Amino acid sequence: MKSGKLIVLTGPSGVGKGTLLRALLRRHPELYLSVSVTTRSPRKGEINGKHYYFIDRQQFEKLAANGDLLEWAEFAGNYYGTLRRQVETHINQGKWVVLEIELEGARQIKQTYPEALRIFILPPSMEELENRIRARGQDSEEAIALRLERARAEIAAAYEFDILIVNDDLEKALERIEAALFASAKC
Ligand code: 5GP
């Protein structure tokens, strides 16, 4: 059976993971981005099945209890999880599957998929991170405070990852990610 590869992208909310990922997927359409389930409400412009599968807590708890989630975590008051079958199916087809997940989930993946390549994206500074979260204009003050608190905790654990990349400049950060992926000894 062909076997693909699992790539985990983690970094604090607002660090620009989404923008980096979109650019990465445009340049490498062969990569498969896993679509997570979440109990968070959709933001403006988010599409069910594309950005996330938006489900309620009861549905989420059922998936978790049935072992259908490869990893899951609570983040800023909502649950997020990766659908096990989606990942396993694509990996078994030889695909490179990308997970864009937070720290707790990335830690779980280290246990279940130690061969996964785990990349952590850092902001240039905490001030810049706060500016980016506020500029997005999509979160309440309470949500912003929660996200900043979580960001500090995540950054403190960045050393646990295989590769650290500072997102100071989109193009440069992208090139660093490409170098990590395509020059990786874990291929
Ligand atoms: P957001 O609400 O901004 O879309 O996502 C909040 C955080 O949840 C981000 O750090 C994102 O990477 C993370 N996240 C998204 N999907 C998953 C998932 O399936 N599992 C885990 N553990 N984290 C996720």
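Each stretch of four or more DSSP H residues adds -39500 (n - 2.57); spread over every residue of the chain, this sum gives -13000 deg cm²/dmol at 222 nm. Overall, the accessible surface of the chain at a probe of 1.4 angstrom is composed of carbon and sulfur to the extent of 51 percent. Measuring nothing but alpha carbons in region 5-182 and taking Rh as the Kirkwood radius, the Rg to Rh ratio lands at 0.93. Contour minus end-to-end for D68 and V166, with contour as 0.36 nm per residue of separation and end-to-end as the Cα-Cα distance? Answer, rounded to one decimal: 32.0 nm. Were the residues from R85 through R152 laid out at 0.36 nm apart, the gain over their Cα-Cα distance would be 20.9 nm.
For the chain, the solvent-accessible area works out to 52 Å² per residue, with a probe of 1.4 Å and every protein chain left in place. For region 87-183, the calculated P(r) over all alpha carbon pairs, in 5 Å bins from 0 to the bin holding the longest distance, is 2, 11, 18, 21, 20, 14, 9, 4, 0 percent.
Site pair A23 and Q59 shows an inter-label distance of 3.3 nm when each label is modelled 7 Å from Cα along Cα→Cβ.
The values are calculated or read from the model by the stated rules, or taken from the named source; none is laboratory data. What you see is a predicted model, and the numbers here were worked out from it, not measured in a lab. A quick note on method: Cβ atoms are made from the backbone with ideal geometry, for glycine too, and the neighbour counts reach across all protein chains shown. Accessible surface is based on the protein model in full, side chains and every heavy atom, while ligands, DNA and RNA are left aside. Shrake-Rupley method; radii C 1.70, N 1.55, O 1.52, S 1.80 Å.
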